[in-house]
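Engineer: A single structure is presented below for examination.
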Amino acid sequence: MTGRHMPDGKAKAGSGPTLVDVAQAARVSLATASRVFSHPAMVRDSTAQRVHEAARRLDFRPNLLGSKLRAQQTRMIGVMLPTMDNAVFAECWRGIEEAALAAGYSLMLVTSGYDPKRERERVEYLLRHRVDGMVLTVADAARSAVLDQLDAEGVPYVLAYNQAGARSRRHSVSVDNRGSACDGVEALIAAGHRRIVVVSGAFVASDRARQRYAGYQDAMRAHGLVPSPVLSLPSHTASNAAQLRAQIEADDAPTAFFCTNDLLAIGVISDLRRLGLRVPADVSVLGYDGIALGTVMEPALATVVQPNTDIGARAVGRLLAWLHAATGEAPAAARVTLLPHALRVSGSIAAPPGGIRPRPLRSP
């Protein structure tokens, strides 16, 4: 439930618990309770803890906007991306930056680390800096409390990479994650692969990873093949050789891996080599994203290519159309924008070795 309060702290009838209720329950003044949510550094830790505990007991949630953040436009756009460690988001940022600056808007960037709690904190930070609207990539758009609250409060935002459903009222710019992944796995099947394993990072938290896994399942079932469970690896950047060794040493060892992002695929190739396997002579690897780094590898990374820079630019364009609408309301038409994808299937994909088991494994 979203707590709402009048500027003087009095409750709106029927609106649920208010800041006044929280202040009374925590035995602090209304001003102190307000500072806990708006300027926490000004409040002692013990006092802030009492206020937060009272808010949790009452199921109070502060209005993300506050009473003053709508007063005037700042010509600033807030951007929240999961990380800048992955080149896919750096490429997206380039498109965001070029489109925003060309339109005379400044930018404020934050990162969430794929953590829903941090997503809320970062969005509140952007709103405290009075951004006019936001371009966001969240872990799971369908189960995002912060998006629900932004919707309830009419805050303009556009999702980048998160693929809103056909009936969703949320604006999004992405590729068709499920359809594009299906196309990529079809390319592996066409090359002769039948035992294909999907490798993912934060599978439970990432809606994109789950959509891409669904595309893998579609392709496998269309050819009468049994999909394998997803192999979830804990790190995009550290070695995952032990988990891959278990896959390769199994009786039904995969001949190909489909990784739900390119950074993960690059790490998988490195670990396979560490285990004494050749890519693609022994095992094929397909990525997803199309980051430029994949083209300079040896062999080049085969991947599903999405237009990362264009995704960022188009998300900003959609947001600006909303901000400049005479009614102040989001344009009703074409809320979901799906951009075309492409396949790069040379390099790290080859036909599986005909009846030949991979060479003996070395210790990582």
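Derivation of every value follows stated rules applied to the coordinates shown; laboratory data play no part. The structure presented is a predicted model; accordingly, all values stated were derived computationally and were not measured. Please note: Cβ atoms are built from the backbone with ideal geometry, for glycine as well, and neighbour counts cover all protein chains shown.
Engineer: If the only charges are +1 at each Lys and Arg Cβ and -1 at each Asp and Glu Cβ, what is the size of the charge dipole of the chain around the Cα centre, to the nearest 20 debye?
Structural biologist: That gives a dipole near 780 debye.
Engineer: To the nearest 20 debye, what charge dipole does region 177-306 have about its Cα centre, counting +1 at the Cβ of each Lys and Arg and -1 at the Cβ of each Asp and Glu? All intermediate terms of the calculation are to be shown ahead of the outcome.
Structural biologist: Working: 11 positive and 12 negative charges, 24 e Å.
Charge dipole of region 177-306: 120 debye, to the nearest 20.
Engineer: Among (1) 30, 60, 10, 0; (2) 27, 46, 23, 3; (3) 30, 55, 14, 1, only one was calculated for this model; which label is it, if the read-out is P(r) over Cα pairs in 20 Å bins from 0, in percent?
Structural biologist: Checking each listed value against the structure points to (2).
Engineer: Residue farthest toward the positive end of the dipole of the chain, with Cβ of Lys/Arg at +1 and Asp/Glu at -1: which of 348, 114, 43?
Structural biologist: Towards the positive end, the residue furthest out is 43.
Engineer: Let me know the shape class of region 177-306, please: from the alpha-carbon gyration tensor, a ≥ b ≥ c as square roots of the eigenvalues, rounded when a/c is under 1.5, otherwise prolate if a/b is greater than b/c, or oblate.
Structural biologist: Taking the square roots of the gyration eigenvalues as a ≥ b ≥ c, region 177-306 is rounded.
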